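Remarks on the structure that follows.
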Amino acid sequence: MNQSSGTSKSGNHWLLRKIGLVSLVMFSAAASQMLANLILGRTLSKEDYGVFSLIRKLIMFGNFFVLLSLDAGLIRQVPPKVLVQANWHRYLRRGMVVVILMTVLPVAVTWLIYNIQLEYLIILFLIICISGFLLLSNAILRIYQQFMRAQLLVSGFRLIFLLIMILLWIRSAVTLDSSLVLLLVAYGLILFIAFIFLKPLPAGTNPIPFRNTLHNSSEYYLLTLATITFVVIDTFFVAKMAGFRQAGIYSAVSLLPVTVFNLAGSSVGQVLMPLLAAGRSIPWRKIVLIWVGMAVPLTLFFLMLTNPLNHFFFAGKYDGYPTLVCIFVLIGLFQLTGIYIYAILGGIGTRRYLRYYLISSTVIQLVHLLAMFLVIRWDHGIQGVAAVTAIFWLLRDLIGIGFIVLQNSTKRHQALEFKETGLEL
């Protein structure tokens, strides 16, 4: 009994250490992103800042759209002892062919919908392609449980971007054009680091079934796509329906609370999902306590300080939106919860429950789009868009929690049946 208790405590401490280290990297990246956006928000016009924010959200969406969840499929199906003997180099090359071909579609749709220069579209294409490679590399490093390096590949570009941006700011040379070029340079430098991280990793000759991985991760891909669409669709909608200037205001006011809440949740998700997928026992009470430890202080902090922080960071440029700030704090809280739900379902969810969650998320997304269209038509502006976004995030979280409860109840029922028949799972 004591040995079991000791093992459990050791496992809890191990999980907390891993989450703490990843959180350190992610919050360093968050600080870098905050400072970079401070410079951009203070220097660029509201319209140019809206264009930059739109492209940043397009990159975020494109990362997941073009990858077809090949990274998550690899994590879910290939444990470390198998990856050591597998030809993951070939898997990486085939994945990049898919990424490059798929990237054409979101860039083409962007060209059709928004009035964006060709040079910006080329930068968008290149960054999404590089991000695809970084996410695949991130998955390989996470399987080998090199979480710090894995997180550096998906967050490190923010620090590089900030350092170069500071140099430009000192020289008063910050423009929309220079900012996008520097963003591409930052991604390129992280790409070079990814090659260095991957080179010493062991690899074998056994093939990884590419088509099988693609097929088995199809529900997870659609779930990921539904989740990331939920994160970015309001900015896409505001930029199209209200213009780049309103998109700039919307992005600046939401920047602090939404970004920090998302990064806090991702620091847990990056560790939690691969551990669950590998079958490791996770202390659920500990996970809830970690969520409370993040959600409560962050919510109180941003409710009290977002307005004065925005005034300080943007030199009063985006003052006068106190109600909008409160709504974005709620959105950030609901998105934090959604990341936990996404990581848990991604790690333990059966295809049946993933499919149900996907269907419900798709229905919610369609109604969300209709609601945003109506609030714009009824002249409720960006505050109305934010309000309906918060409502639908809450609804999506509640449905996700329901599916997690059902999944656990099903597993317990199956375990009880096996126990009664004298068998073991």
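The values are calculated or read from the model by the stated rules, or taken from the named source; none is laboratory data. Quantities reported herein were computed from a predicted structural model and do not represent experimental measurements. Backbone-built Cβ (ideal geometry, glycine too); neighbour counts: all protein chains shown.
Here is a check on your reading of the model: is Y356 within 28 Å of N216 (Cα to Cα), in contact with a Leu (Cβ under 8 Å, 6 or more places away or on another chain), at pLDDT below 90 and not acidic (D, E)? Taking the combined requirement at face value, the residue does not satisfy it. Looking only at helices (runs of 4 or more DSSP H) that fall completely inside the range 56-168, which ones have 3 or more residues that are without any contact (Cβ under 8 Å) to a residue 40 or more places away in the chain, of a type outside the set (F, W, Y) and out of contact with any strand residue (DSSP E or B) (no Cβ under 8 Å at 6 or more places or on another chain)? Hits in the range 56-168: 88-113, 118-143. For the range 73-121, a tally of residues being under 30 Å from F237 (Cβ atoms) and in contact with a Gly (Cβ under 6 Å, 6 or more places away or on another chain) returns 2. Give me the residue from the range 170-217 that is in a loop (DSSP other than H, G, I, E, B) and in contact with a Lys or Arg (Cβ under 8 Å, 6 or more places away or on another chain) and, out of that set, nearest to I127 (Cα to Cα). Looking at the filtered set, the residue picked out is S217. For the range 305-331, which residues satisfy the criterion of being loosely packed, with under 15 Cβ neighbours inside 10 Å and farther than 20 Å from L263 by Cβ? P308, H311, F312, A315, G316, D319, G320, P322, T323, listed by residue number. Quick check: anything in the range 243-260 within 19 Å of K317 (Cα to Cα), outside any helix (DSSP H, G or I) and touching a residue at least 40 places away in the same chain (Cβ under 8 Å)? Yes; the residues of the range 243-260 include at least one that is within 19 Å of K317 (Cα to Cα), outside any helix (DSSP H, G or I) and touching a residue at least 40 places away in the same chain (Cβ under 8 Å).
Screening the candidates V271, V253 for the property of being within 23 Å of the chain's Cα centre (by Cα) and modelled with pLDDT of 90 or more yields one hit, V253. Of the residues L68, L92, the single one that is in contact with a helix residue (DSSP H, G or I) (Cβ under 7 Å, 6 or more places away or on another chain) and within 23 Å of Y342 (Cα to Cα) is L68.
Suppose the filter is within 27 Å of V268 (Cα to Cα) and at pLDDT below 90; does S53 pass it?
The answer is no for S53.
This table checks each residue for (1) more than 26 Å from M241 (Cα to Cα); (2) touching a Leu at 6+ places or on another chain (Cβ under 8 Å); (3) surrounded by fewer than 19 Cβ atoms within 10 Å (Cβ to Cβ).
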residue	(1), (2), (3)
G338	yes, no, no
V367	no, no, yes
W378	no, no, yes
I382	no, yes, no
